[in-house]
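Here's the structure, in structure tokens; my notes come after.
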Amino acid sequence: MSDSSTTAAAPRDLRQWLNQIALPSFARIAVHPGEEGYVEFLAPDFTVDPRPRKSTLSTGRLIYCFSHAAVLDPKGPGLAAARHGVDYLLTRCANPAGGFYRSLNADGSPLDAKADLGDLGFVLFGLGWYHRASGDKRALEVAETTMRFIEKHLASPAGGFLEDTVSTLPRRQNPHMHLLEACHVLAEESGETAAKPGAWLKRAKTLIELLKAKFIDPANGSLIEQFDADWVAKPGAIREPGSHFEWVWALLHHRRLTGDDSVLPIAEGFYRFAVAHGIDSDKNQPPLAFDAIDGTGKPVTTTKLMWPQTEAVKAFAARVEFLGDKDAKTRLDAMVAALFQYYVDAKTGLFTNQVERDGSKRIVEMPVRVLYHLELALAEAARLHG
């Protein structure tokens with residue numbers, strides 16, 4: 001990759017590229033023979049960062065990644081790599097007293113013993129996809145036990161759930177969003193439908209009600225990120241374009257699963273705010289999503305991480321699929337092309353995690369867990385393109 005951008009065009013067949021290039025490459029990187037768990041970080045030169053710590057967050061995300069890989073290509077390395085992560089999740093990350101540790105030392109001993117809502121959401125998401133790939137009923141059993149732990153130990157009198165088992169502040173919308181997408185996949189894997197909802201769709205409905213009541217700025221329909229213990233917005237709380245786009249995707253899929261049309265105006269508001277303010281409109285700069293903006297839509301930082309671009313891809317794809325949005329189709333194609341121009345090396349599947357406003361590469365570490373964003377986005381684009 002050059003200092004300013006990659007040069008390879010987006011692959012013509014995204015599904016083939018995921019199956020043959022990206023996911024085998026990351027299976028080789030993330031899973032080391034004879035080593036438990038997954039590699040957490042790559043250094044800027046794509047070598048493995050030597051820090052020994054492991055985390056439940058990365059484990060859950062990469063279980064999802066390799067499970068989805070197995071669904072896309074049952075003959076590939078995905079299922080073995082996913083099983084490797086599930087084994088680590090259940091033997092090392094799991095706290096015998098309930099829940100999962102936040103992080104672990106190289107020897108598998110707890111480094112940070114608290115249970116974190118965001119981590120647990122990805123445990124659920126990963127287990128749902130692992131069931132989809134493997135049919136292993138144990139995954140659904142562990143998911144239900146984990147959700148009951150959340151409901152018992154993290155439920156808040158003010159609504160929703162606490163950040164973790166030590167009530168860290170500020171509270172955030174983000175873990176609830178990821179919990180919603182986990183409820184969706186687990187509902188599908190449990191055979192729930194709009195006509196016959198079960199526990200997971202009922203939980204999803206509760207999260208949607210929390211979104212409506214607490215997370216939306218009434219002044220402009222934008223998504224608030226941070227709050228105090230009672231869900232009062234933090235002064236100067238940022239907005240993340242990537243989160244707006246991610247909610248658009250989640251809300252439109254919630255409607256698909258439940259038939260709930262009440263989420264459409266919310267999704268529309270998030271989408272319009274993110275498109276109008278979250279994507280760089282300066283004609284001298286690449287039209288990429290900013291990392292963060294303020295409540296009025298002004299950039300807080302002009303850097304551009306990869307994950308907001310992938311969430312934009314998902315939002316565009318959902319609007320094409322469910323709303324027939326022709327403008328979103330144009331945006332979808334352009335953003336997929338931009339991912340490969342500025343972030344992703346089409347030859348290897350390796351990626352740059354963040355660029356400057358002008359698209360020039362920033363020398364930053366690359367969390368392997370970011371593959372979650374990239375894979376899901378490109379899999380959605382590939383599915384839409386047939």
## Note on the structure
With only helices counted (DSSP H, runs n ≥ 4, each -39500 (n - 2.57)), the per-residue ellipticity at 222 nm for the chain, to the nearest 500, works out to -15000 deg cm²/dmol
### Surface share of carbon and sulfur [accessible, 1.4 angstrom probe, percent] for the chain
52 percent
### Query
Hey, how many Å between the Cα centroid of region 366-386 and the Cα centroid of region 44-78?
13 Å
### Percent of alpha-carbon pairs separated by more than 19 Å within region 12-117
45 percent
### Message
Show me, for region 124-132, the HN-Hα J-couplings you get by feeding each phi into the Karplus relation (A = 6.51, B = -1.76, C = 1.60, θ = phi - 60°), rounded to Hz, glycine and proline as x.
### Response
5, 4, x, 5, x, 6, 5, 4, 4
### Query
Taking only the alpha-carbon atoms of region 182-303, what semi-axes of the equivalent ellipsoid follow from 5 times the gyration tensor eigenvalues under a square root, in whole Å, largest first?
29, 17, 11
### Task
Skip the ligands, DNA and RNA, and give the accessible area per residue of region 105-208 with a 1.4 Å probe, whole Å².
40 Å²
### Query
Near Glu209, within a Cβ-to-Cβ distance under 14 Å, what is the net charge of the other residues, with Lys and Arg +1 and Asp and Glu -1?
+4
### Rel. contact order, % - alpha carbon contacts under 8 angstrom, at least six apart, the chain
19 percent
### Message
How long are the semi-axes of the equivalent ellipsoid of the chain, taking √(5λ) for every eigenvalue λ of the Cα gyration tensor, in whole Å from largest down?
### Response
28, 27, 21
### Query
Computed over the Cα atoms, what is the radius of gyration of region 234-386 divided by 2.2 N^0.38 Å, N being its residue count?
1.01
### Query
What does region 124-258 give for Rg and for Dmax, in Å, if only its C-alpha atoms count?
15.2, 47
### Query
In percent, what relative contact order does region 3-135 have, based on Cα pairs under 8 Å that are 6 or more apart in sequence?
25 percent
### Message
With +1 on the Cβ of every Lys and Arg and -1 on the Cβ of every Asp and Glu, and nothing else charged, how large is the dipole of the chain about its Cα centre, in debye rounded to the nearest 20?
### Response
480 debye
### Query
Over all Cα pairs of region 256-314, how is the pair count split among 5 Å bins, expressed in % and running from 0 up to the last occupied bin?
4, 17, 24, 24, 13, 8, 7, 3, 0
### Message
At a threshold of 8 angstrom on Cα-Cα distance, excluding pairs fewer than six apart, so keeping six or more, what relative contact order does region 170-246 reach in percent?
### Response
32 percent
#### Entry: Average projection area in nm² (convex hull over Cα atoms of region 311-372, one quarter of hull surface)
4.9 nm²
### Task
Report, by chain and number, residues whose modeled amide H sits under 5 Å from the one on Leu111, excluding near sequence neighbours (fewer than 5 apart, same chain).
Ser103, Leu104, Asn105
### Highest-fluctuation residue, Val368, Val86, Val275 considered, GNM on the chain with Cα pairs under 10 Å
Val275
### Computed over region 61-102, Kirkwood Rh from alpha-carbon pairs, angstrom
10.7 Å
#### Entry: Residue-count net charge about Lys137 - beta-carbon cut-off 14 Å; Lys, Arg +1, Asp, Glu -1
-2
### Query
Dividing the alpha-carbon Rg of region 227-297 by 2.2 N^0.38 Å yields what?
1.27
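The values are calculated or read from the model by the stated rules, or taken from the named source; none is laboratory data. The model shown is predicted, which means the values in this text are computed figures rather than measured ones. Positions of Cβ are generated from backbone atoms using ideal geometry, with glycine treated the same way; all protein chains shown enter the neighbour counts. Just the protein is used for accessible areas: all its heavy atoms, side chains included, with ligands, DNA and RNA removed. Shrake-Rupley method; radii C 1.70, N 1.55, O 1.52, S 1.80 Å.
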